[in-house]
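Worksheet for the structure shown next.
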Amino acid sequence: MSSTNYVGKPVSRVDGYAKVTGQARYAVEHHVPNLLYGFIVNSAIAKGSVTTLDTSEALKVPGVVQVFTHKNTPSLAWFDRSYKDQDSVPGSPFRPLHSEKIRFSMQPIALVVAETFELARYASTLLKIEYKEESSSTNLSESLPQAHEAPKGKEGYMPPKSRGHAKKAFSAAPVKIQAEYIHGAEHHNPMEMHGSMAIYEKGGKLLVYDKTQGVANTQEYVKKVFGLSKDDVRVLSPYVGGAFGSGLRPQYQLFMAVLAALELKQSVKVSLTRQQMFSFGHRPKSLQRLALSAASDGTLQSIEHTCYSETSRFEDYTEVVVNWSGLLYQCANVELDYQLVKLDVYTPIDMRAPGAVTGIYALECAMDELAVALNIDPLDLRLRNYAPEDQNEKKPFSSKELRACYLQGAEKFGWNKRNKEPRSMREGNQLVGWGMASASWDAQQQKCAAKALLTPDGKLTVSSGTADIGTGTYTIMTQIAAETLGLPIEQVEFKLGDSSLPEAPLEGGSWTAVSVGSAVKATCEEVGQKLLKLAKKKKDSPLANAGAEDVVFENGYIILKKDPAAAVSILDIIRDEREDIEVESAAMPGMIDKLKYSFHSHSAVFAEVKVDEDLGTIHVTRVVSAIAGGRVLNPKTARSQILGAVVWGISMALQEDSVIDHNFGRFMNHNYAEYHVPVNADIQNIEVIFVEEEDDIINPLGAKGLGEIGIVGVAGAIANAVYHATGKRIRKLPIQLDNVLSEP
Amino acid sequence: MSNTVQEKTTLAAQPLAEPLPVHLRINGEDHRLQLRPWVSLLDALREYIGYTGTKKGCDHGQCGACTVLVDGVRINACMTLAVMRDGQEITTIEGLANGDKLHPLQAAFVEHDAFQCGYCTPGQICSAVGLIKEGRAKTRDDIRELMSGNICRCGAYTNIVDAIESVTGGTI
Ligand code: FES
Ligand code: FES
């Protein structure tokens, strides 16, 4: 085995050193002279208008430079399309400081700019603000009559398709269940709060550091909204302190920082506070109705799945929620419906595995209820209804090893020792429950470009304008580049997060590893061809007659496959050449295969909970997550992706909830103390299994992306485990101790 | 229905407290600054001196991202004012490595992939240094409990415990 075969190896993160030493600089951690600080003030009401916004006291504070409000913001781009971004949804995007109208609680209404952060924050308390308040409506359950069909128009959104006659089959079937499931709104809350620095450079150009999942998206937005040319704005985002979707659309602090920098002709930094992290997009609250029916042997007869999701008054946010119910199991009669309800909230935004965590949670709980009604083991029920092909699209899967996930996961978990009876597996006063769920996610690839530069000292620098939000992009791309050209990994550097680099798609949807990876591979292969050409020209070259197919790049050499002794050192070639080799190339998904196959990752999740019978406390003591995600490019970072996703699933099941007070239309627990996410003590044993899954159709890497699949089934598995422990079916998330203590 | 809401009674701008001389000893180096008393230790590090390794995740003592060591004890730098730490020995993430040689915890965090985005990491590592010094963590469960002041939104918890355990050898 060669030492430069890095793909598939547990390489430690190449950005690890920078991160453990504090050298990695995130969006608002750059130092420039004469920097100003902006502090944002948010609306106290959810709907109405600002009638007074008196800034005079604030401006009296020495060191306060300006206060921007809707009254003194210069006229900017006029049309909605200038405010649209790559992750926009149908509707009219929110424009900060545009008018006196208030459309959601905590809408930003002013930016105080001062010489220090403390001065700006203090001066923000001196604004005199009066509102005319109108009654707002933020209650999803009460607003269902106003629901409307979700429109097309968002990238990646597919309207659900029904098939067969679900209602008829339901009424004829011998075993059936019907249930309604709810989960609350959630906010992404990455550790790093959203922040932007607009550095004002000579000649009025801007260098913008932004917390984003797409530097090109930020650049485009700034350019369009402020009427600048592409050359006037460069966006950098080398390190991102988590995002989980919140960085897919430009957030309002970016607008604020750029506005102030351009107006004041000085560099400005604006960071949101943790409280303000609850003032923009979130995972929408949703209410779902499921009806399942089966023959007495467990064969599914019908699936009906309806979802009502919230959206804002000004945009229709859509995600794929119910379609999964037509995909995950074999069933002839499926009726799917997805409706939106407009409320006085900010537009929701994609949050880790958007749609799938919602829909599959409900489907998997319903499957558990059906298993109980049938008196069949829940895992058996799933195996009996295994879908060999994608019935939504009527296409075969490019690969699907879900069965292996079920079997290997169950084996590791010890599922066969499960006693079917609820409340049957106690340990003292702890009720032990075992639950499971299946999951799926799309495996997509997007068009992406990359650049490679090989210099005479043998150093390879590969770059693409993508992001690493903790996903391991830096590391995986370095591995792919090094392996493709057979260079030691220490000689290879990967650069990202810079709008001057070749354009990459938004970092999200689990497509980064394969999209950017394919581009990096293609680009490095072109470098390889150039090297081979040069090698052939060398005097007495052992590769003189070799074609591209006849050689491999390994251990710093181009080697003849037939005769490994015939090899030329890459360093020698490039040294003799004395000139850089530079290649820019792109990779696209294979369009024909895209039409013929369905691309999905899958997983099976098994969870153990312990519920204190007296206190109602719920602990997730064990999770086994078995993943079928194609080829694993780096088992170390891949495992971490799944571990983190399982933590997110536990959080969704038991903790996370943005609680809105409908009297005020406001999220009340808007801080880290009251918005609960797991801490170390909440997380016990998590085991990750990657089942073998070969896929030579999906892309040249055979990989599927792992950012989302790990979270999808977790909440369902835990909810089912809570039922098994307590005998109580809690049909809402998060499940908390008062639910298990009080509900029937 | 509509009604008028007045958010704030008319507050008048108050005279500001004058900057005070503050002597911060950070990672063995002396920093003499003039700071207004309202500057937190966290902002002093990040905004006034340039030690951005210490992170701000909430500014309210709720996340642990800002954990530093003051006279060897782990504290939240957002919950203390810089002027209160005059003359004390402050260690931040930038002060843990010995030249190019990583502190054993730093190396263990890389080896065990105990982070993803890395934003909580300086706080986790400083907190773990403090934890080991306290000598209270005897078991894996103790580590989990005593590291619970440091949120990791990426969910690297099990790897964080592995990393710490690899340094303590299971017992502290
Ligand atoms: S920033 Fe200090 S505890 Fe969060
Ligand atoms: S590594 Fe991202 S928050 Fe811990």
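The values are calculated or read from the model by the stated rules, or taken from the named source; none is laboratory data. Keep in mind that this is a model prediction, so the values were computed, not measured. Here the Cβ positions follow ideal geometry from the backbone for every residue, glycine too, while neighbour counts run over all protein chains shown. Only protein heavy atoms, including side chains, enter the accessible area calculation; ligands, DNA and RNA are left aside. Shrake-Rupley method; radii C 1.70, N 1.55, O 1.52, S 1.80 Å.
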- Quick tally, 1.4 Å probe accessible area for A:202, A:84, A:101, A:168, sorted with the most first, runs A:202, A:168, A:101, A:84
- Distance between Cα centroids, the stretch A:447-512 to the stretch A:722-740: provide it in whole Å. 45 Å
- Item | Surface share of carbon and sulfur [accessible, 1.4 angstrom probe, percent] for chain A | 49 percent
- How big is the Rg/Rh ratio for the stretch A:262-345, C-alpha atoms only, Rh by Kirkwood, two decimals? 1.27
- Item | P(r), alpha carbons of the stretch A:37-173 - 10 Å bins starting at zero, rounded % | 10, 26, 28, 17, 10, 5, 4, 0
- Item | Chain-alone versus full-assembly comparison, the stretch A:650-675, residues with accessible loss of at least 40 Å² (1.4 Å probe) | A:672
- Query: Which far-off residues, 5 or more places away or on another chain, put their amide H under 5 Å from the one on residue B:40, with H placed in the peptide plane?
  - Reply: B:82
- What does the average come to when, for each residue of peptide A:113-119, you count the partner chain Cβ atoms lying within 10 Å of its Cβ? 4
- Rounded to the nearest 100 Å², what's the accessible area chains B and A bury against each other, both chains counted, probe 1.4 Å? 6000 Å²
- Task: Over every pair of different alpha-carbon atoms in the stretch A:655-744, take the mean of 1/r and invert it; report that Kirkwood radius in Å.
- Result: 16.9 Å
- Message: Limiting things to C-alpha atoms, what are the Rg and the maximum Cα-Cα separation (Dmax) for the stretch A:445-588, in angstroms?
- Response: 15.4, 50
- Kirkwood Rh, Cα Rg: Rg to Rh for the stretch A:1-116? 1.18
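Carbon and sulfur together cover what percent of the accessible area of the stretch B:18-95 at a 1.4 Å probe radius?
Working: 1470 of 2930 Å².
Looking at the stretch B:18-95 in its full context, I get 50 percent from C and S.
Helix by helix through chain B, keep the DSSP H runs that span 15 Å or more along the axis on Cα and average at least -0.5 on Kyte-Doolittle, and give those back in order.
Counting only whole DSSP H runs, the qualifying helices are B:121-134, B:157-168.
Let me have the relative contact order for chain A, percent, based on Cα pairs under 8 Å that are six or more residues apart.
Numbers: 1906 pairs, mean separation 124.7, N = 744.
Relative CO of chain A lands at 17 percent.
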- Candidate lysines - alpha carbon under 20 Å from residue A:71, same-chain residues fewer than 8 apart omitted: A:47, A:60, A:101, A:128, A:132, A:265, B:8
- Over the alpha-carbon set of the stretch B:104-167, work out the extent along each principal axis and list the three values in angstrom, largest first. 29, 21, 17
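Hey, what D do you get for the stretch A:172-264 in µm²/s if you plug the Kirkwood alpha-carbon radius into Stokes-Einstein at 4 °C and 1.567 mPa s? If you can, show how the numbers build up before the last one.
Values: Rh = 15.2 Å.
Roughly 85 µm²/s, to the nearest whole number.
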- Task: Over the alpha-carbon set of chain B, work out the extent along each principal axis and list the three values in angstrom, largest first.
- Result: 59, 54, 27
- Note on the structure: Relative contact order in percent for the stretch A:561-692 (Cα pairs under 8 Å, 6+ apart) equals 25 percent
- Note on the structure: Spelling it out for residue A:45: with amide H atoms placed in the peptide plane at 1.01 Å from N, the residues 5 or more places away or on another chain with amide H under 5 Å from its amide H are A:106
- As a check on your grasp of the helix formula, calculate [θ] at 222 nm for chain A: sum -39500 (n - 2.57) over DSSP H runs of n ≥ 4, divide by the residue count, round to the nearest 500. -7500 deg cm²/dmol
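Of all DSSP beta bridges in the protein assembly as shown, what percent run antiparallel (nearest 5)? Intermediate results must be reported in sequence, preceding the final value.
Working: 121 of 152 bridges.
Here the antiparallel bridges make up roughly 80 percent for the protein assembly as shown.
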- Over all alpha-carbon pairs in the stretch A:522-609, figure out the percentage whose distance exceeds 20 Å. 51 percent
- Computed FRET value (nearest 0.05) for residue A:167 with residue A:394, which takes r as the C-beta separation and R₀ as 35 Å: 0.95
- Task: Might you tell me the accessible area per residue for the stretch B:104-167, computed with a 1.4 Å probe and given in Å²?
- Result: 28 Å²
- Residue-span extension gain [residue A:98 to residue A:526] - 0.36 nm each, minus C-alpha spacing: 149.2 nm
- Query: Expressed as a rounded percentage, what relative contact order does the stretch B:104-167 have, with Cα pairs under 8 Å and six or more residues apart?
  - Reply: 56 percent
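Do me a favour and compute the ellipsoid semi-axes for the stretch B:18-95 from its Cα gyration tensor, root of five times each eigenvalue, largest one first, whole Å.
Over the Cα atoms of the stretch B:18-95, the ellipsoid semi-axes are 17, 14, 11 Å.
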- Message: Can you list which of the DSSP-assigned H helices in chain A have a Cα extent of 15 Å or more along the long axis and an average Kyte-Doolittle score of at least -0.5?
- Response: A:215-226, A:252-264, A:356-374, A:402-413, A:473-485, A:512-537, A:635-654, A:714-726
- Task: Quote the accessible area belonging to residue A:569 in square angstrom, nearest 10, computed with a 1.4 Å probe and with ligands, DNA and RNA left uncounted.
- Result: 20 Å²
- Task: Go through A:631, A:578, A:382 and list them by solvent-accessible area, largest first, probe radius 1.4 Å.
- Result: A:578, A:631, A:382
- Task: Starting from the Cα of residue A:202, draw a straight line to each of the aspartates and glutamates and keep only those under 15 Å, dropping any in the same chain fewer than 8 residues away.
- Result: A:231, A:232, A:263
- Karplus-derived 3J(HN,Hα) from phi for the stretch A:80-93 (6.51 cos²θ - 1.76 cosθ + 1.60, θ = phi - 60°), whole Hz, x at Gly and Pro, runs 3, 4, 5, 9, 6, 10, 5, 10, 5, 10, x, x, 10, x
- Message: Averaged over its residues, how many other protein chain Cβ atoms are within 10 Å of peptide B:99-105's Cβ atoms?
- Response: 1
- Task: Return the subset of A:19/B:55; A:176/A:412; A:417/A:732 for which the Cα-Cα distance in this structure is over 23 Å, preserving the input order.
- Result: A:176/A:412; A:417/A:732
- Which is the longest stretch in chain A that no exposed loop site breaks, taking sites as chymotrypsin sites (Phe, Trp or Tyr not before Pro) with a DSSP loop state and at most 13 other Cβ atoms within 10 Å? A:80-744
- Note on the structure: The lysines whose Cα lies under 17 Å from the Cα of residue A:152, excluding any fewer than 8 residues away in the same chain, are A:84, A:161, A:342
- In Å, the Kirkwood hydrodynamic radius of the protein assembly as shown over pairs of distinct alpha carbons? 28.9 Å
- Message: Taking 25 °C and 0.890 mPa s as the conditions, I'd like the Stokes-Einstein D for the stretch A:657-707 in µm²/s, using the Kirkwood hydrodynamic radius from alpha carbon pairs.
- Response: 156 µm²/s
